[in-house]
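The values are calculated or read from the model by the stated rules, or taken from the named source; none is laboratory data. None of these values were measured; they are calculated from a predicted model. Backbone-built Cβ (ideal geometry, glycine too); neighbour counts: all protein chains shown.
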Ligand SMILES: Nc1ncnc2c1ncn2[C@@H]1O[C@H](COP(=O)(O)OP(=O)(O)O)[C@@H](O)[C@H]1O
Ligand SMILES: [Mg+2]
């Protein structure tokens with residue numbers, strides 16, 4: 001028996017029992033690369049769910065309990081400054097670890113989708129999920145991609161959370177202090193995100209504007 005827990009943009013997540021979840025890609029795809037990154041990071045003590053099985057489009061993971069950072073911000077359980085600190089700290093700790101594959105000594109493991117919906121606030125600590133876009137490269141690409149994702153939300157005129165996303169962006173950039181590789185981040189989001197060129201251009205302009213201050 002499996003109990004549906006959540007459906008994200010790409011995956012359905014089911015509770016297998018009190019301790020494990022099954023995460024399955026609706027459109028198929030091979031989970032092995034992301035499972036390898038998660039196992040590697042888990043061994044190094046980075047907060048990711050433990051992988052119990054990875055086969056085809058299915059991942060079996062330790063079941064975590066707690067709201068996403070996005071839910072906690074929306075509910076006012078976490079203030080914007082703390083939320084930005086959590087985001088920046090998870091980037092800093094990830095980028096302090098050695099890369100697994102890359103030869104360039106400056107390269108690191110990158111998440112490339114590290115936004116408040118992919119952080120679960122467990123009783124112990126924040127844990128990072130959803131490693132599908134993970135790659136290795138310059139850390140700045142990761143922080144700039146997160147800034148761009150926040151700016152995408154901030155430039156949605158209809159979204160009730162646009163103002164919150166804008167504030168989060170300001171505090172996040174106050175922490176990371178750089179928005180290098182913005183063109184590369186835009187190209188990445190054009191491939192992996194939901195928005196077209198016009199929206200991405202507006203979001204990038206906002207990142208550049210806030211980053212300059
Ligand atoms: N290990 C886990 N334990 C508990 N819930 C999880 C776990 N992994 C994912 N979830 C739930 O499923 C949702 C979507 O997961 P995610 O990996 O981000 O998939 P998507 O690619 O669809 O965004 C999360 O927001 C969370 O509610
Ligand atoms: Mg997700």
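Structure data summary
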read-out	value
Selection status of residue 48, within 30 Å of residue 174 (Cβ to Cβ), near ligand 1 (Cβ under 10 Å from one of its atoms) and at pLDDT 95 or above	yes
Residue in segment 53-65 that is within 27 Å of residue 160 (Cβ to Cβ) and free of Cβ contacts under 8 Å to residues at least 60 places away in the same chain present	yes
Test: residue in segment 170-179 that is crowded, with 22+ Cβ neighbours inside 10 Å, within 16 Å of ligand 1 (Cβ to nearest atom) and in a helix (DSSP H, G or I)	no
Residue in segment 68-75 that is farther than 16 Å from residue 133 by Cα, exposed (fewer than 14 other Cβ atoms within 10 Å of the Cβ), free of Cβ contacts under 8 Å to residues at least 24 places away in the same chain and assigned by TED's automatic domain parsing to the domain that holds residue 168 present	yes
Search result, residues across segment 28-50 that are in contact (Cβ under 8 Å) with a residue 24 or more places away in the chain and either within 26 Å of residue 3 (Cβ to Cβ) or touching a helix residue (DSSP H, G or I) at 6+ places or on another chain (Cβ under 8 Å) (or both)	28, 29, 30, 31, 34, 35, 38, 41, 46, 47, 48, 49
Matching option when the condition is under 25 Å from residue 149 (Cα atoms) and modelled with pLDDT under 95, among 75, 27, 35	27
Strands (runs of 3 or more DSSP E) lying entirely in segment 75-168 (those with 3 or more residues that are over 21 Å from residue 204 (Cα atoms))	119-121, 126-128
Cβ-Cβ under 7 Å pairs, at least 6 apart or on other chains, segment 1-25 side more than 22 Å from residue 194 (Cβ to Cβ) and part of a loop (DSSP other than H, G, I, E, B), far side modelled with pLDDT under 90 and away from ligand 2 (no atom under 16 Å from the Cβ)	16/2
Residues (more than 9 Å from ligand 1 (Cβ to nearest atom) and surrounded by 14 or more Cβ atoms within 10 Å (Cβ to Cβ)) located in segment 10-32	14, 16, 22, 24, 29, 31
